[in-house]
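So the structure is just underneath, and the comments pick up after that.
The values are calculated or read from the model by the stated rules, or taken from the named source; none is laboratory data. The model shown is predicted, which means the values in this text are computed figures rather than measured ones. Cβ atoms come from the backbone with ideal geometry, glycine included; neighbour counts cover every protein chain shown. What goes into the accessible areas is simple: the full protein's heavy atoms, side chains included, and nothing from ligands, DNA or RNA. Shrake-Rupley method; radii C 1.70, N 1.55, O 1.52, S 1.80 Å.
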Amino acid sequence: MNALEKSSPTSLVLEHPAADREAAICHFSQRLSVETDPSDVHADLQNGVGGFLIVDPRSREAYASAHIAGAISLPHREIDERTTAAFSKDRLVVTYCWGPGCNAGTKAALRFAKLGFKVKEMIGGFEYWVAEGYPVEGDQSDTPPVHGV
């Protein structure tokens, strides 16, 4: 091959073909059935939409430092029948962690699901909530840390 006959680079995006329409609909519908994001949670709170409870499953120290305004503290290791007895299973539970590198929100969501609750995890977590400038509460709410504690 000479310099004029350059080969096309192999596409990393196209290396695996896209799913067909039905598979894509199933996949993305499934994701949306278990995930939400800071923008949607904030919009619902701003619009007075109820029907869900925000649970911060991080450590009590992280919660005390700063948390989503209105969230309740319930560390994921403490989620059981006793600690959730006052929660309605008709109400969606939204869990979050400090950011994408933390899985306490996922662990909490799994525990709630095993207890029979409807649950969604807020992707992006507290880090993305803060980045969007949404309201926070806590000892360091003026300059909330966006790292795990």
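Of note:
- Filter result for Ala18 (in contact with a helix residue (DSSP H, G or I) (Cβ under 9 Å, 6 or more places away or on another chain) and among the small types (Gly, Ala, Ser)): yes
- Of all residues making up the stretch 49-72, the number that are open to solvent by less than 10 Å² (accessible area, probe 1.4 Å), in contact with a Gly (Cβ under 9 Å, 6 or more places away or on another chain) and assigned to a loop (DSSP other than H, G, I, E, B): 2
- Restricting Gly116, Gly101 to residues that are small (Gly, Ala, Ser) and under 16 Å from Ser33 (Cα atoms) narrows the list to Gly116.
- Candidates Val41, Val93, Val34 - the one that is farther than 22 Å from Glu137 by Cα and either within 17 Å of the chain's Cα centre (by Cα) or among the aliphatic types (A, V, I, L, M) (or both): Val34
- Ala108 hydrophobic (A, V, I, L, M, F, W, C) and surrounded by fewer than 15 Cβ atoms within 10 Å (Cβ to Cβ): no
- Cβ pairs under 6 Å, 6+ apart, first in the stretch 43-62 and under 20 Å from Gly133 (Cβ atoms), second open to solvent by 30 Å² or more (accessible area, probe 1.4 Å) and in a helix (DSSP H, G or I): Asp56/Tyr63
- Candidates Val94, Val130 - the one that is under 17 Å from Gly51 (Cβ atoms) and either assigned to a helix (DSSP H, G or I) or touching a residue at least 40 places away in the same chain (Cβ under 8 Å) (or both): Val94
- Selection from the stretch 1-34 of residues that are at pLDDT 95 or above, open to solvent by 80 Å² or more (accessible area, probe 1.4 Å) and not hydrophobic (A, V, I, L, M, F, W, C): Asp20, Arg21, Glu22, His27, Gln30, Arg31
- When Gly124, Gly50 are checked against the criterion of being at pLDDT below 95 and of a type outside the set (Asp, Glu), Gly50 stands alone in meeting it.
- Taken across the stretch 107-117, residues that are more than 16 Å from the chain's Cα centre (by Cα), in a loop (DSSP other than H, G, I, E, B), among the small types (Gly, Ala, Ser) and closer than 26 Å to Gln30 by Cα do occur, with at least one present.
- Condition check for Lys89: within 20 Å of Val34 (Cβ to Cβ), open to solvent by 10 Å² or more (accessible area, probe 1.4 Å) and out of contact with any Cys (no Cβ under 9 Å at 6 or more places or on another chain): yes
- Of all residues in the stretch 35-48, those that are open to solvent by 60 Å² or more (accessible area, probe 1.4 Å) and of a type in the set (D, E, K, R) total 1.
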